[in-house]
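Readers should treat all values here as calculations from the given coordinates under stated rules, not as data from a laboratory. As the structure is a prediction and not an experimental result, all values here were calculated from the model. No Cβ is skipped: glycine too gets one built from the backbone with ideal geometry, and neighbour counts run over all protein chains shown.
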Amino acid sequence: MLARRRAGLRSGITLSSRLRRWTVRGRGTAMDERPDWARRMVEERAARDWSQADAVRALMVRLPDDQVVSEQDLLRQWKRWEAGDAQPVKYKSAIAQTFGTTTGAFFPERSRRDGRAEILQVSGMDTVDIIARLRASDVDVATLDALRITADRLCCEYAYLPADQLLLEGKAWLARVVGLQHQRVSLAQHREIIALAGKLSLLVGCVEYDSGRPRDAEATRQAALMLGQEAGELSVQGWAHEMRAWFALTRGDYRGVIAASEAGIAVAPTEGVAAQLYAQQAKAWARLGDRSQTEVALDKGRQILELLPYPENIENHFVVDPAKYDFYRMDAYRKSGENRLAEQLANEVIRAGTDFDGTERSPMRIAEARVTLGVVAAREGDLDTALTYGERALTGERKSLPSLAMVAADLGQALQTHYGHASEAQEFVTHLRELRGGQ
């Protein structure tokens with residue numbers, strides 16, 4: 001039965017009615033021509049069972065003192081905003097805060113860069129030219145610029161490039177950068193080389209962990225931490241601690257997650273990575289069953305992102321783009337049993353990670369969002385939809401095995417609880433156990 005269902009998924013035949021509705025609605029077709037933020041205002045409000053007047057009252061308590069407006073006037077504006085007839089220009093931040101997310105996530109600024117094209121534009125060199133320059137006796141500014149952009153490009157490819165290919169390329173560039181230490185470089189150049197080596201080590205460590213190689217990943221993470229300390233790069237150090245928190249989370253060591261996050265926040269309290277560290281704390285608190293601490297951690301991370309400028313390149317894995325915070329909130333709400341909020345955020349994650357032509361720019365985030373939709377469906381008594389979402393999540397080519405297995409365990413638990421005697425559910429649970437055993 002499960003094999004037939006998977007065959008249907010590959011051919012595009014087996015889609016539940018709910019999934020078909022997303023396929024049409026989620027990519028912004030003519031069915032709903034309002035701006036995404038207007039549609040989201042309606043969906044966020046509905047997920048909380050708020051009337052428009054309820055939403056306006058929640059918004060008013062978050063307005064700064066210099067924005068004095070009557071409830072009646074604001075309600076009229078709210079109706080225009082939801083209809084997409086006007087933009088809430090000076091209210092954007094307060095609206096995002098009302099729904100617990102960031103301004104950049106609710107009102108996104110799209111920014112994508114072609115890393116390979118940028119290398120040529122900035123330095124005039126392609127990969128072959130860079131490698132040839134690296135063999136020279138000294139290193140010039142253009143070569144370092146090209147290396148920096150190459151590292152950035154690799155970090156952007158993390159989301160979709162096959163893990164084995166990215167690991168091979170990442171290690172090759174790391175070896176080249178490390179080799180520069182033995183050439184004639186200035187003190188400033190030496191520091192930049194060490195920092196680049198640290199960033200590439202972070203990337204390699206993440207891919208190693210995705211590929212089910214935790215020991216290699218931990219050794220690489222420690223190397224990245226030491227390189228970050230040597231270069232004085234707070235961001236690299238913070239991400240090394242974040243990786244430790246991530247590793248602990250997938251192992252079920254939730255107190256370890258909190259400790260690692262606190263260490264990273266202490267090192268890089270104002271860097272973007274601090275927001276992700278708070279998000280990892282929120283995930284841990286949610287799994288420990290502490291709803292209050294979960295909300296506190298999520299709000300602290302949101303506040304950090306609100307203070308930072310919108311990222312120049314949101315594709316970089318080591319940049320916390322505002323939309324990513326919805327991804328973390330989705331996880332926390334799923335664990336807390338907030339089904340409607342988790343479902344609404346899962347749909348946002350899928351929309352944000354999908355281009356208009358249907359290309360998935362963030363397949364790993366989307367996979368976890370589909371698991372979340374499967375969990376909600378299972379809890380609501382829809383076995384067919386739950387299995388459909390779960391199987392789609394597991395069939396993606398680019399995946400982080402530890403993270404996906406951890407999240408998919410929630411679906412397995414929901415299936416066991418609600419459909420313990422259904423053969424299809426038990427077959428899927430067996431598949432999940434095989435996935436966890438193969439890490």
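Details
- Separation of the alpha carbons by more than 30 angstrom is noted, of 79/399; 92/399; 300/335; 283/399; 171/324, for 79/399; 92/399.
- Region 27-104 versus region 366-434: alpha-carbon centroid distance in Å: 33 Å
- As a proxy for reagent exposure, ranking 167, 227 by other Cβ atoms within 10 Å from fewest up yields 167, 227.
- Zone residues, region 333-362, relative to residue 61, backbone N less than 20 Å from point 7 Å out along Cα-to-Cβ: 341
- Each Lys and Arg contributes +1 and each Asp and Glu -1, all at the Cβ; summed about the Cα centre of region 234-310, the dipole is approximately 240 debye.
- Listing 357, 410, 210, 36 from fewest to most neighbouring C-beta atoms within 10 Å gives 357, 36, 410, 210.
- Amide H contacts under 5 Å for residue 354, placed H, 5+ residues apart: 361
- Computed Kirkwood radius, in angstrom, where 1/r is averaged over Cα pairs of region 234-310: 11.9 Å
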